[in-house]
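None of the figures in this text is laboratory data; all of them are computed from the coordinates on show. Given the structure is predicted, the values throughout are model-derived calculations rather than measurements. Ideal geometry is used to build each Cβ from the backbone, glycine not excepted, and the neighbour counts take in all protein chains shown.
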Amino acid sequence: MLPLQRKQRLAAYLADKGAATLKELSGHFGVSEMTIRRDLNLLEREQVIRRSHGGAVYLGLPAAEEPKLPDKQASNSDVKSRLAAYAAAHFVREGDTIVLENGTTVSRMAEHLNHLNELTLLTNGIDTLNLFRPHADERRTMLSCGGMFREVSGTFVGPEAESFFAHYHADTLFLSALGFTPEAGFTDPNPLDTQVKKMMIRSAARVVMLLDSSKAGRRFLSPVASLSEIDVWITDEGLSPENRIWIQENGVELHVV
């Protein structure tokens, strides 16, 4: 196991347990206590854990604030467009029922679906609706939930939105998030948005995550999904080798485009 890979797994273990002793960590990872001390020292400098007598306590990463929608749209725009086009070309089939949430990468998929003659699209996002509208007809159907509208994310949220997705079954959900760390999984700033995304996950037979490499290493307040809850991750070449190993070892199909 690579040192960085072991450090990531150590952080994930502590995130799950909350705290652990040196002896416990040494036995679990099959390395000496001296090696564990070195890893813990690195994690403490990153403010992920706090060393205690004979062990460590998990602190987590400082949560980031929610960026404004124009800032999200402008960030890595070329990369997001490339990921969206790839996902639409390779993971949507004729006659599918798909869910597109309103992330600034996923919503761009709506512009790349006009090659299909028959499709049902479900969403909770204004941007997704507007981008798909020119392609909608009697065989390319668009359904949207209601609910409370969040201007900062352009999404409908709340119990009405959650109930909408609980009543449908989709072939594939195309999902995004604002952050990913091995210990916290995929995260977003607002629990109202993440609750709707959790219902989307339950409704879909397959979950495809579109997440550019700039999101790796960032953590926000509210969990969206763990790595085990997604089937495919589409990203760009900037994702680190260590994260690629971590993703593939957890059984996720990784596409770097």
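Extension gain for HIS28 to ARG206 (0.36 nm times residue separation, less C-alpha to C-alpha distance): 60.8 nm. Rounded to 0.05, the FRET efficiency of the ASP96 and SER163 pair, given R0 = 25 Å and the Cβ-Cβ distance, is 0.65. The angle between the Cα long axis of helix 191-203 and the main principal axis of the chain comes to about 70°, on a 0 to 90 degree scale. Shown in residue order for region 52-59 are the 3J(HN,Hα) couplings computed by the Karplus curve 6.51 cos²θ - 1.76 cosθ + 1.60 at θ = phi - 60°: 10, 4, x, x, 7, 10, 6, 10 Hz (x for Gly and Pro).
At an R0 of 45 angstrom, the distance between the Cβ atoms of ASP171 and ARG38 translates into a FRET efficiency of 0.45.
Beta bridges from DSSP with both residues in region 152-257: antiparallel share about 30 percent, rounded to the nearest 5.
Of the trypsin sites (Lys or Arg not before Pro) found in region 109-184, the ones in coil according to DSSP and having at most 16 other Cβ atoms within 10 Å of their Cβ are ARG139.
A P(r) calculated from all alpha carbon pairs of the chain, with 10 Å bins opening at zero, reads 7, 30, 32, 18, 10, 3, 0 percent. Model label sites at ALA89 and SER240, defined 7 Å from Cα along the beta-carbon direction, differ in position by 3.0 nm. For LEU254 and VAL152, a Förster radius of 41 Å and the Cβ-Cβ distance give a FRET efficiency of 0.85, rounded to the nearest 0.05.
If both residues of a DSSP beta bridge must be in the chain, then about 40% of such bridges are antiparallel. The GluC sites (Glu not before Pro) of region 147-252 that meet both conditions, a loop assignment by DSSP and at most 11 other Cβ atoms within 10 Å of the site Cβ, are GLU151, GLU237. Just so you know, the Rg over Rh for region 3-58 is 0.89, from Cα atoms, with Rh as the Kirkwood radius.
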